[in-house]
Each structure stands twice: as structure tokens, then as C-alpha cells.
Amino acid sequence: MSDHPPQPAIAARITKRLGSALHRARFFASLCHLHGPKQRIAAADEVVLVALVRDGAYYLDGFFDHYRRLGVAHFVFFDNGSREGTLDRLRQQPGVSILQSTLPWGDYENDFRSYAAKRYATDRWCLIADMDEIFDFEGRAEIGLRGLTGFLTDQGYTGLMAQMLEMFPKAPLSTVAALPYLQVLQQFDHCDISSVTAYDYQSPATGLGYFLHQNKITPPAPQLLFGGIRGKVFGESCCLTKHPLIYVGAGVTPAVHPHASTGLRLAPMSALIKHYKFANDALARDRASVAAASIAHGEDRQRLAVLQHSPDISLWSPQAQRAPALATLQQQGFLQADPAYSAYLATYSSRSQNDRETSE
């Protein structure tokens, strides 16, 4: 019996490699640097934020307000062909670099994020955020993002998971379609976790096993969550778990999937991403997305079918909660706490109090 693989298998491997090479060549041929520093300028203890954007002017005021208060000074935006003033607005902001490619979003979004992270955040902490995401974590007000990454570095972790919490108003979605984003961040103050499904981190049921098995977990690892209000109302089997905060060091490959990076040593706790999917006229955006066929998984089609049939739909129900605190979400099992991190926060708080008393 021959030890060589059959000819069709060899041909398939060659075809796959050629396809990957062509994919990479198309990406690099399309790549443009539009604005700002061309390489990393962040100091060793600073975080680089990477975000994809296309016609995202609607979000910019709220986005910058939150992330600058979090402590981010270096922003890398990978633009996918904005046409409505986004680029001009970004150029007016300090600490911003802009890359651009107009290749199809659905085919290249992983390349966009991964390239930006490696170019600007190698040997640095990188926060990967979408324009409609607000990253939050236990101790944010006390220690800021630099304090969080300091703890993770001291513990030898290179990644922090986060769970996405879909935020929505009590009002029908149609009545808030034109609400400015800064007002959305105030008025979309409800969530619903009654229909969340949880899986062990390396469960094959997640469909992400290929990526997740390449990460090291420290028990008890946070679970992967699916569903939530989008599953309950629209039937989406959407993943609510991401790996947004990563150290782009040796062995780490950033953003190989919209929800995952590989080569990470993960902390045994989870942060929060407040997600505002239903801001900025969700019905119109899903119509445009379906017409462009830009998203392969079809979740936009599922939402559109419901929104068109029930244009005055509200996501609120008696199971909804109003603006739960992070501690509440930890008690409910949506987020996971780490005793070592809680002790670190307590020590930090005590030290700060002593410093204030000494200065007085």
C-alpha cells in the first residue's frame, strides 16, 4: 500500500494554498495608508485600539468620548470605503492612524483587523472594538485600562475575554431609529439575558474549537455564550463572546476570527461589551446589508424578516433588566469574576485611600 496521499487530496491542498496566496496578494495590493503614523508609536504600557469602520461618523463622538476616558491614546481605524464624512472627522482627531481597503468586508474583515493589530500593536496590548461596542470591566473607574493591562501582564496573561450584552430601549425600535448615538448610550438602558446559552470554553458545540483549542485557559475559564435577545426575538444563534483585549506578542495571532485570536493565555475572568446593534436605524442598515450580500452568516436576513413584518417591534419584555451593574451580571453568571483580580482592586483602592490621607 502506498504511503502517499491520493492525488485528489494533493490537488485540493495545492488549490487551497494558491487560493490563500491570491487572497493575501489581493489584500496587500488593495491596502492604503491614509493618515497618521505609519507604524506603532505607543509606549510599552499603552493600549492600541483597532476598529473597522465604514460610514461610521454616526458613532464617532460617543466612541471617542468613551475610549479616551478609558485611557486610550492611540487609535487605528481600518476603513472599508467610507463616503459620508467619516474620514474627515477621523483626521481631525489626535492620535489616529487610518488604513483603508475597499475589498469586500465579509471576505476580508479578519485580514483588516489582524493586519492593523500586527502593524501597530506588536509587543503591545491591543483592544479590538467595533464602532457600536462599549468595552467595560470591573474596576474601570478606579484603575483604568492601564491598570487592567498591568494586572494581566503581572499575572502572565495575554488575553481577556468579554461577553456582549445587547442594549436596547423600552420604546419600539422604530421610534428611536434616528436617535443620536450619544443619546442612544443613555436611553438604550435595558438588556435581557433570559435566553443565553452557555458552553464550556473548548466545547465542540461552539463551532470555534479550531481556534479556541490554540489558547491556554486558566480554570475556571469563562464560558462561551450564545443567543441572548437576538436569539430570542430574531432566532439568531449569534456568539456573544469575544477576545477583545490581547497582547500581540510572540505566538499570538490576532483576530483570526471576528470573535477570536489564537496563541493566548487567557485570564479566568470576563469583561463586558455593551453592544448597540439596534442604534442608527437597524432596519435600514439590515436592508442595505442584505442587498449588498456582504454578510455570509445571514443574521441580517433573519433580523430583516422580523423587522419588516413588525416595524413597531420592541425588544422589551418583563424579563428585561435595566442597566445592571457589573457585579450583578457576575452574580447572575453572565460575567465571571477572578478572586485574584478582586484582591488586586482592593489593594489598589486601599493604597489610593492611604495616599489621599497622606496628602491631606
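The values are calculated or read from the model by the stated rules, or taken from the named source; none is laboratory data. Since the model is a prediction, treat every value here as computed from it, not as a measurement. Here the Cβ is made from the backbone with ideal geometry for all residues, glycine too, and neighbour counts use every protein chain on show. All accessible areas refer to the heavy atoms of the entire protein, side chains included, with ligands and DNA or RNA removed. Shrake-Rupley method; radii C 1.70, N 1.55, O 1.52, S 1.80 Å.
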Among Asp45, Asp286, Asp312, the residue with the largest mean-square fluctuation in a Gaussian network model of the chain built from Cα contacts under 10 Å is Asp312
Here the range 196-205 yields Karplus 3J(HN,Hα) values (6.51, -1.76, 1.60; θ = phi - 60°; whole Hz; Gly and Pro given as x) of 7, 10, 10, 10, 4, 3, 9, 5, x, 5
For the range 239-319, inverting the pair-averaged 1/r of distinct alpha-carbon atoms gives a Kirkwood value in Å of 15.6
Pseudo-spin-label distance Ala178 to Ala43, built 7 Å along Cα→Cβ, given in nm, is 4.6
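Heavy atoms only, probe 1.4 angstrom, no DNA, RNA or ligands counted: give me Glu84, Glu299, Glu138 ranked by accessible area, highest first.
Working: Glu84 85, Glu299 30, Glu138 50 Å².
Order by accessible area, largest first: Glu84, Glu138, Glu299.
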Matching label for the computed Rg and Dmax of the Cα atoms in Å, out of [x] 21.0, 73; [y] 23.6, 88; [z] 21.2, 85, is [z]
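Output the antiparallel fraction of DSSP beta bridges having both residues in the chain, as a percent to the nearest 5. Mind dumping the intermediate values first?
Details: 24 of 48 bridges.
That works out to approximately 50 percent antiparallel.
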With label points set 7 Å from each Cα along the Cα-to-Cβ direction at Thr102 and Lys216, the distance between them in nm comes to 4.5
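How much net charge surrounds Arg303 when only other residues with a Cβ under 9 Å from its Cβ are counted (Lys, Arg +1; Asp, Glu -1)?
Values: positive: Arg230, Lys277, Arg301; negative: Glu236, Asp286, Glu299, Asp300.
For residues surrounding Arg303, the net value is -1.
Could you calculate the FRET efficiency of Ala284 with Ala325 from 1/(1 + (r/R0)^6), where r is the beta carbon distance between them and R0 is 35 Å, rounded to 0.05? Before the final figure, lay out the partial values.
On the way: r = 33 Å, r/R0 = 0.95.
Here the calculated transfer efficiency is 0.60.
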The farthest towards the positive end of the charge dipole of the chain, of the residues Ala29, Leu87, Ala292, given +1 on Cβ of Lys and Arg and -1 on Cβ of Asp and Glu, is Ala29
Surrounding charge for Leu212, neighbours by C-beta under 15 angstrom, Lys/Arg +1, Asp/Glu -1, total +2
A student applying the Cα gyration tensor rule (rounded when a/c is under 1.5; otherwise prolate if a/b is larger than b/c, oblate if not) would label the range 41-83 oblate
Percent relative contact order for the chain, counting Cα pairs under 8 Å at least six residues apart, stands at 20
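Work out the P(r) tail for the range 38-191: percent of alpha carbon pairs separated by more than 18 Å, whole number.
Details: 7284 of 11781 pairs.
Value for the range 38-191: 62 percent of Cα pairs lie more than 18 Å apart.
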Env charge @ Gln39, Cβ radius under 13 Å, K,R +1 / D,E -1, value +4
At R0 = 41 Å the Cβ-Cβ FRET efficiency linking Asp88 and Ala343, nearest 0.05, sits at 0.30
With all protein chains present and a 1.4 Å probe, the order of Ile10, Ile246, Ile313 from largest accessible area down is Ile10, Ile313, Ile246
About its Cα centre, the chain carries a charge dipole, from +1 on Lys and Arg Cβ atoms and -1 on Asp and Glu Cβ atoms, whose size in debye to the nearest 20 is 920
When the chain is treated as a Gaussian network with springs between alpha carbons less than 10 Å apart, the largest mean-square fluctuation among Tyr59, Tyr199, Tyr67 is found at Tyr199
With Cα springs under 10 Å, the Gaussian network model of the chain assigns the largest mean-square fluctuation among Gln223, Gln186, Gln330 to Gln186
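Just tell me the longest site-free run in the chain, where the sites are trypsin sites (Lys or Arg not before Pro) in a DSSP loop having at most 15 other beta-carbon atoms within 10 Å. Intermediate values should be presented prior to the final figure.
Working: sites that count: Lys38, Arg83, Lys170.
Between the exposed loop sites, the longest stretch runs 171-360.
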Here the percent of antiparallel bridges among DSSP beta bridges lying wholly in the range 29-110, to the nearest 5, is 20
Expressed in square angstrom to the nearest 10, the accessible area of Thr347 with a 1.4 Å probe stands at 80
Under a 1.4 Å probe, counting only protein heavy atoms, Asp338 has an accessible area in Å², nearest 10, of 20
